[in-house]
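> Dropping a structure here in structure tokens format, bear with me for questions.
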Amino acid sequence: MIRIEGLSKRFGQTVAVEDLWLEVAPGELFGFLGPNGAGKTTTIRMLTGLISPSSGQAWVAGHQLGADDTELRRRVGILTEAPGLYDTLSAERNLAFFAELYGVIEIEAQVERYLRLLGLWNRRSEPTATYSRGMRQKLAIARALLHEPQVLFLDEPTTGLDPEAARLVRDFIEGLKNEGRTIFICTHNLDEADRLCDRVGVFNTRLLALDSPGALRRQIFGRTVVFHLTELLPVYQETVAAFPFVKSVEAVDSKLVVRLSDPESENPALITALVAAGAQLQFVGELRRSLEDVYLRLLSQADPGTSRPEEAKP
Amino acid sequence: MRRAWTIVRKDWAEIFKNRFVIFTVAFLPLLLTAIPLVILYITGSESELNGLKPDDLPPNLSRICEGLEGVACSQYFLVSQFLLLFMLMPLAIPITIASYSIIGEKTRRTLEPVLATPITTVELLAGKAAAAVIPAVLVTWLAFGVFLVGSALLAVGPRVFARLTDPLWLTAVLVVGPLLALAAVSVAVMVSSRSSDPRVAEQLSMLVILPLLALFFGQISGLVLLNQQLILWMALALGLIDAGLVTFAVQLFERETILTRWK
Ligand SMILES: Nc1ncnc2c1ncn2[C@@H]1O[C@H](COP(=O)(O)OP(=O)(O)OP(=O)(O)O)[C@@H](O)[C@H]1O
Ligand SMILES: [Mg+2]
């Protein structure tokens with residue numbers, strides 16, 4: 001549904017996007033993660049025909065960028081970084097205006113449908129200046145959907161929303177995915193990306209990693225098992241380290257943090273050995289790395305000078 | 001072009017909520033219609049001008065006055081000075097509207113979602129221009145209508161009235177007016193695409209009234225004489241200037257530049 005081949009964008013001396021290769025399948029919910037200034041908005045603008053790439057090419061919904069951008073814009077929906085609503089006009093009028101521009105046939109019905117879906121119907125005739133930030137964001141999302149695009153680009157849909165509003169928007173996005181739309185979402189909220197996205201790309205001018213959140217975690221950190229003991233003696237750590245399949249073992253307080261590649265088959269042997277050495281086990285659990293850990297690790301590897309020192313606290 | 005009309009209707013819904021815009025659209029025509037009427041009224045009742053003959057007048061004036069005598073001549077002379085000022089309306093109104101409507105989209109960042117729709121640049125600009133030109137032209141015509149009715153009621157003899165509705169005036173109001181409005185809006189579009197303060201854009205664009213003022217003072221001082229021929233030449237020249245300005249404004253409105261540099 002989206003195919004990107006070597007897309008780059010330069011603004012004078014600044015390289016905003018460099019040689020991006022990416023493919024997003026139909027119906028996929030793809031998360032585009034990256035720090036401020038990574039080039040996420042620039043990428044979305046290129047893919048929606050708002051600005052033209054410096055080099056490379058891309059196809060979105062079957063249309064090549066630059067070939068017929070008017071037709072391309074007809075096929076895609078975009079939630080822009082700023083909601084960009086007409087403050088003095090009502091929500092209804094705002095949507096009707098865009099529905100007309102998109103050439104929607106049943107304007108009133110579509111406007112009503114999305115106002116209701118996003119819970120704005122009761123306040124449809126108020127000027128949007130009176131809207132809260134969350135309501136504006138919802139209205140902007142409605143605007144992106146009026147023409148029922150197959151491909152949807154959402155630039156930070158939940159940024160600045162309170163947890164409840166963010167949850168609502170997230171559920172709504174999930175609903176859109178279930179309707180079979182292809183969704184490309186830029187976000188800083190890694191937890192959100194983790195829960196929502198089929199695949200994520202970690203991006204900072206260049207694409208640093210690309211996979212499902214789970215696979216990225218494994219790829220970066222392997223799998224980690226934590227053994228909670230009543231008391232930690234050095235001999236326990238040596239016992240564990242002696243197994244060839246153990247990648248690393250670390251003592252933290254009274255816990256042993258062990259990196260393994262296949263805990264399901266390797267844990268029993270470790271437990272047996274520890275018990276035989278006299279250890280008293282309280283719990284055994286797998287340490288789930290957050291996508292945030294993965295993200296920070298990737299960014300610091302790509303650019304060790306600038307990123308925060310990444311921590312792997314169990 | 002259906003999309004251009006969509007833009008026009010949205011712009012009107014929006015800009016006529018702006019007090020500055022309302023003020024310009026309403027106040028200027030009121031003023032420019034009232035002043036000549038007042039002058040007509042005063043000169044109509046002033047008796048010492050009655051004895052004037054064309055020979056008593058400076059040569060320029062007597063040429064303007066051809067066929068009119070006394071009060072009629074002085075009335076016509078004074079009012080015809082206002083013909084040029086009347087043309088301020090189609091210049092100033094579209095500049096105000098366009099400055100606010102374009103820079104408004106820019107500063108509130110509403111332009112990006114619009115540019116993301118299938119609208120073409122020409123449709124967008126045609127909409128923005130029409131939203132500014134149409135009210136300006138309608139208001140000018142309305143003001144001229146009011147001026148004509150008022151002058152007929154206020155002591156203007158049939159001969160002066162006939163001169164006020166002769167081809168010179170009609171060409172000025174019906175043809176030159178809209179052409180001026182188009183020129184003004186093109187300039188406003190160009191300036192607005194570089195500036196981000198509506199008032200600055202408005203003031204800069206207002207420079208287009210300079211040639212008009214030059215003409216006005218030229219006429220008062222007797223250097224230029226506005227006549228049928230001159231008006232036709234003006235209309236022709238404006239037509240050409242408009243074509244150039246419109247082309248230039250469209251070219252200058254580069255979607256990408258406007259999106260990424262308009263901050
Ligand atoms: N018009 C422009 N002229 C010059 N540089 C630009 C322009 N637009 C963007 N940039 C630069 O390109 C880089 C990428 O910007 P972009 O807005 O795409 O980042 P982003 O990933 O969306 O960031 P954020 O998370 O803050 O929204 C930045 O360094 C920015 O300064
Ligand atoms: Mg951004």
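Quick note: the coordinates plus some simple rules give every number you see, no bench work behind them. Remember, it's a predicted structure, so these values are computed and weren't measured experimentally. Positions of Cβ are backbone-derived with ideal geometry, glycine not excepted, and every protein chain shown enters the neighbour counts.
> Evaluate the Debye formula for chain A with equal point scatterers sitting on the alpha carbons, no solvent, and hand back log10 of I(q)/I(0) at q = 0.07, 0.12, 0.15 Å⁻¹, in q order, two decimals.
The computed values of log10 I(q)/I(0) come out as -0.38, -0.86, -1.13.
> Moving to a separate point now. Just rank A:Leu101, B:Leu85, B:Leu30, fewest to most, by other beta-carbon atoms within 10 angstrom.
Placing the least packed residue first, the sequence is B:Leu30, B:Leu85, A:Leu101.
> Any chance you could check the Cα centroid distance between region A:116-171 and region B:1-30 for me, in angstrom?
Using only Cα atoms to place each centre, the spacing works out to 28 Å.
> Here's something else I'd like to know. If the only charges are +1 at each Lys and Arg Cβ and -1 at each Asp and Glu Cβ, what is the size of the charge dipole of region B:2-261 around the Cα centre, to the nearest 20 debye? If you can, show how the numbers build up before the last one.
On the way: 18 positive and 17 negative charges, 199 e Å.
Once rounded to the nearest 20, the dipole reads 960 debye.
> Please name whichever of B:Ile209, B:Pro135, B:Ser193 sits farthest to the positive end of the charge dipole of region B:2-261, dipole taken about the Cα centre and charges placed at Cβ: Lys and Arg +1, Asp and Glu -1.
The Cα lying farthest towards the positive end belongs to B:Ser193.
> Given contacts defined as C-alpha pairs under 8 Å and at least six residues apart, what's the relative contact order of region B:2-261, whole-number percent?
27
> Give me A:Met46, B:Met206 sorted ascending by neighbouring Cβ count inside 10 Å, so fewest comes first.
B:Met206, A:Met46
> Let me ask something else about it. State the number of lysine pairs found in region B:2-261 whose Cα atoms come within less than 26 Å, restricting to pairs 8 or more positions apart or on distinct chains. Kindly include the intermediate steps, with their values, before the conclusion.
On the way: B:Lys10/B:Lys106; B:Lys10/B:Lys128; B:Lys17/B:Lys106; B:Lys17/B:Lys128; B:Lys106/B:Lys128.
Lysine pairs meeting both conditions in region B:2-261 amount to 5.
> When DSSP assigns beta bridges and you keep just the ones with both residues in the protein assembly as shown, what percent turn out antiparallel, to the nearest 5?
Taking every DSSP beta bridge within the protein assembly as shown, about 65 percent pair in antiparallel fashion.
> Residue farthest toward the positive end of the dipole of chain B, with Cβ of Lys/Arg at +1 and Asp/Glu at -1: which of B:Ser99, B:Ile220, B:Leu240?
So the residue furthest toward the plus end is B:Ser99.
> I would also like to ask the following. Pop out the ³J(HN,Hα) list for region B:180-186 in order, Karplus 6.51 cos²θ - 1.76 cosθ + 1.60 with θ = phi - 60°, rounded to Hz; leave Gly and Pro as x.
Once rounded to whole Hz, the list reads 5, 4, 5, 4, 4, 5, 5.
> Applying 1/(1 + (r/R0)^6) with R0 = 35 Å to the Cβ-Cβ distance of A:Arg206 and B:Ala26, what FRET efficiency is obtained, to the nearest 0.05?
It comes out at approximately 0.05.
> Which of A:Ser290, A:Leu229, A:Leu207 sits farthest toward the positive end of the charge dipole of region A:183-308, with +1 on the Cβ of Lys and Arg and -1 on the Cβ of Asp and Glu?
A:Leu207
> Within 10 Å of each Cβ of A:71-79, how many other protein chain Cβ atoms are there on average?
2
> Here's another thing I want to ask about it. Rounded to the nearest 500, what is chain B's calculated 222 nm mean residue ellipticity when only DSSP H runs of at least 4 contribute -39500 (n - 2.57) each, over all residues?
It comes out at -25000 deg cm²/dmol, rounded to the nearest 500.
> Mind jotting down the three principal axis lengths of region A:1-90 based on Cα atoms? Whole angstrom, largest first.
So the extents along the principal axes, rounded to whole Å, are 42, 31, 25.
> Would you kindly work out the equivalent ellipsoid of region B:2-261 from its C-alpha gyration tensor and give its semi-axes, the square roots of five times the eigenvalues, largest first in whole Å?
40, 18, 14
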